[in-house]
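Structure, as structure tokens:
We did not get these values from a lab; they are worked out from the coordinates using the rules stated. In this text the structure is predicted, and so the values were computed from the model without any measurement. With ideal geometry, Cβ positions are generated from the backbone for all residues, glycine too; neighbour counts draw on all protein chains shown.
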Amino acid sequence: MSDTTYTPPEVWTWDSQSGGKFASINRPIAGATHDKELPVGKHPYQLYSLATPNGVKVTVMLEELLAAGHSGAEYDAWLINIGEGHQFGSDFVAINPNSKIPALHDLSGDTPLRVFESGSMLVHLAEKFGAFLPSEGPARTEVMNWLFWQMGSAPYLGGGFGHFYAYAPEKWQYPIDRFAMETKRQLDVLDRQLAENRFIAGDDYSIADIAIWPWYGQLVLGRLYEAAKFLDVASYEHVMRWAKEVDARPAVSRGRMVNRAFGEPHTQLRERHDAKDFDTQTQDKLDAASETS
């Protein structure tokens, strides 16, 4: 081990210059840092997000609902740039006091509802539209088992492995080994489950798949942390089969694009207000229009 031994102080204090990709926005206190109104569109659901794996869960869910014929699931999606601290604006914090994307404002009923935490949003929308979640019995319990498995497991992949492998100011062997081992164990859990099931919770596509795919599906498809070779993801053949099948769903392709402000311009739909935006408002088309104007 080449890591330098660290002796913790008796009382930890915040070093705002601690480094790392997210040093400028990480802080040990909650609450708003500035007053900022959020825009509101015309649809029943107002989503404030970014196309990280947690954000992609909700845009995929909304696009899947629309694809299934639930027109009441129409939504406006507004870009929240977490690198610039938009999640600490007063209106955003009023919806999500945890200052994390995504945040959803449900205006479909008589009383506006704030919905925060991506898993809560998936359950809220599934129950609202009676889709992608069995209404009762063992099948519902199995979907919920895997939904909560994702909520408990992904922090080890994202905040653990992803942080130390891709974002930490220095690469230390111990945390990378620790979280790589845990990530591979989780992939093995999924691989064993998918060896006997088409989708995560059985034969039917559900919010369990919608929750897990943006993290583990995109990981094995080589889209997270540039770590596919390091983690030998090709060895998880059942996860790979499932990841490719989910990836091929048109609603998943659209959901990946929404609130995306990175990657190839043709994959970026920074805001979404109508289905036709996928044809007219992707960043490559906006850039081309700007060049000719």
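Overview of values
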{"quantity": "MRE, 222 nm, helices only [DSSP H, n ≥ 4, -39500 (n - 2.57), over the chain, to nearest 500]", "calculated": "-12000 deg cm²/dmol"}
{"quantity": "Links that overshoot a 31 Å alpha carbon limit, given the list Lys21/Lys276; Lys100/Lys184; Lys100/Lys128", "calculated": "Lys21/Lys276"}
{"quantity": "Net +/- balance of residues flanking Tyr225 in space, Cβ distance below 13 Å, scoring K and R +1, D and E -1", "calculated": "+3"}
{"quantity": "For peptides 249-255, 173-179, sequence by mean Cβ density within 10 Å, most packed first", "calculated": "249-255, 173-179"}
{"quantity": "At R0 = 30 Å, FRET efficiency that the Cβ-Cβ distance of Lys42 and Glu127 yields, to 0.05", "calculated": "0.80"}
{"quantity": "Whichever lysines have a C-alpha closer than 18 Å to that of Lys244, once near sequence neighbours (fewer than 8 apart) are set aside", "calculated": "Lys57, Lys229"}
{"quantity": "At R0 = 35 Å, FRET efficiency that the Cβ-Cβ distance of Asp91 and Thr292 yields, to 0.05", "calculated": "0.45"}
{"quantity": "Semi-axes of the equivalent ellipsoid for the chain, Cα gyration tensor, largest first, Å", "calculated": "29, 26, 20"}
{"quantity": "Among Trp12, Trp149, Trp172: highest mean-square fluctuation, GNM of the chain, C-alpha pairs under 10 Å", "calculated": "Trp12"}
{"quantity": "Gaussian network model of the chain, Cα within-10 Å springs - most flexible of Trp242, Trp146, Trp14", "calculated": "Trp14"}
{"quantity": "Whole-Å distance, taken between Cα centres, linking the stretch 204-255 and the stretch 98-139", "calculated": "23 Å"}
{"quantity": "Under 12 Å, Cβ to Cβ, from Arg140 - net charge with Lys/Arg +1 and Asp/Glu -1", "calculated": "-4"}
{"quantity": "Charge tally in the Cβ shell below 12 Å around Gly263, where Lys, Arg are +1 and Asp, Glu are -1, Gly263 excluded", "calculated": "+2"}
